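Right, one structure below, let's go through it.
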Amino acid sequence: MDKFLNAGRFFLAAPMLIYPVLHFIYPGFVAAIVPPWIPWHLFWTYFTAITIFAAGVAIVIRKFAYPAAVLLGIEILLFVLIIHGELLFHSSNDAWAEGALFPKLMSDRLINAFKDFGLCGAVFVFAGTLPLVTKTSLQGVFFVAGRIILGLSIAAFGLLHFVYPQYAPGIPPMYTDVSFIIPGHLFWVYVTGAGLLATGLIIVAGKETAKLVSWLGVLLLLFDVLVWAPRFGTHPGDLWGNWLKDLGVIGGVIILGKWLMKNKLQPETNKG
């Protein structure tokens with residue numbers, strides 16, 4: 001378990017190191033994700049690629065990791081508010097939000113939004129648990145904010161299991177044709193849904209224990225492997241898909257579990 005917990009930052013960094021490469025390979029696609037009211041689409045495509053990749057490197061090597069994680073968390077949060085906010089709450093005549101680039105189903109949009117929201121929380125948790133030479137109260141603020149965002153996202157994943165049970169268990173995929181290889185699909189959907197909902201709310205309330213959070217990370221990773229690994233053989237393009245965000249969220253859970261294991265304290269006692 002100790003070795004597993006030490007891998008948290010690598011899971012968190014994985015999407016930060018891979019997605020920016022895709023920004024340079026498919027700049028036109030990424031630029032089209034930027035809402036039309038924001039100017040300089042290609043500039044933001046390359047700018048975000050560079051900043052996200054730099055933050056991913058900082059997370060891995062733990063050099064300048066605190067400012068990098070704080071800025072990255074803010075960047076992802078802005079992405080959630082600007083992009084997902086408009087996709088979820090757009091007007092009926094919004095041609096960009098209703099375009100072919102984005103999923104039509106509300107289920108897919110909600111799942112993707114909470115993946116990014118959870119990723120934001122995971123990054124803030126990482127920033128809040130770093131061993132700084134000079135600790136500040138602001139670090140504690142990021143920790144608590146990250147814990148709440150991460151917990152809300154996990155609870156949302158659990159709730160979505162009941163609202164959209166056709167999606168596989170764990171952190172839900174964005175495709176209904178992703179199968180779950182273990183028999184008794186609906187059983188696993190509702191069991192994992194209830195577990196995620198309860199655990200997420202416990203994390204939000206700050207009542208989590210090291211064992212609870214650590215085993216949540218283990219189970220989420222296990223379900224992620226069971227859901228996605230069989231698919232990669234027939235759909236290799238999915239290797240660069242939204243499942244990487246799952247790894248980032250799992251990384252945040254593992255980092256939180258490691259911090260709790262090390263400190264043996266509730267998050268509210270964290271002073272940064």
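What follows is calculated from the coordinates using simple rules that are stated; it is not laboratory data. Treat the numbers as computed from the prediction; the structure is a model and nothing was measured. Neighbour counts are summed over all protein chains in view; Cβ atoms, including those assigned to glycine, are modelled from backbone coordinates with ideal geometry.
If r is the Cβ-Cβ distance from Tyr190 to Lys3 and R0 is 41 Å, what FRET efficiency results, to the nearest 0.05? Write down the numbers at each step before the final one.
Numbers: r = 32 Å, r/R0 = 0.78.
The calculated FRET efficiency here is 0.80.
By the count of other C-beta atoms within 10 Å, a proxy for reagent exposure, Thr48, Thr134 are ordered fewest to most as Thr134, Thr48. Highest mean packing comes first when the peptides 59-65, 257-263 are listed by Cβ atoms within 10 Å, giving 257-263, 59-65. Here each label is just a point 7 Å from Cα along the line to Cβ, and for Val225 and Ile38 those points are 3.6 nm apart. Helices in the chain that qualify as membrane-span-like (whole DSSP H runs, Cα extent of at least 24 Å along the helix axis, mean Kyte-Doolittle hydropathy of -1.0 or higher) are 8-25, 41-61, 106-129, 137-163, 185-205, 210-232, 243-263. The calculated 222 nm mean residue ellipticity attributable to helices in the chain amounts to -23000 deg cm²/dmol, summing -39500 (n - 2.57) over DSSP H runs of n ≥ 4 and dividing by all residues.
The mean sequence distance of close C-alpha pairs (under 8 Å, at least 6 residues apart), as a share of the length of the range 1-147, puts its relative contact order at 22 percent.
Binning the C-alpha pair distances of the range 2-269 at 10 Å intervals from 0 yields a P(r) profile of 7, 31, 36, 21, 4, 0 %, listed from the shortest bin outward. Model label points for Ala198 and Met261, set 7 angstrom from Cα along the Cα-to-Cβ axis, are 2.3 nm apart. From least to most packed, judged by other beta carbons within 10 angstrom and beginning with the fewest, Val141, Val204 follow the order Val141, Val204.
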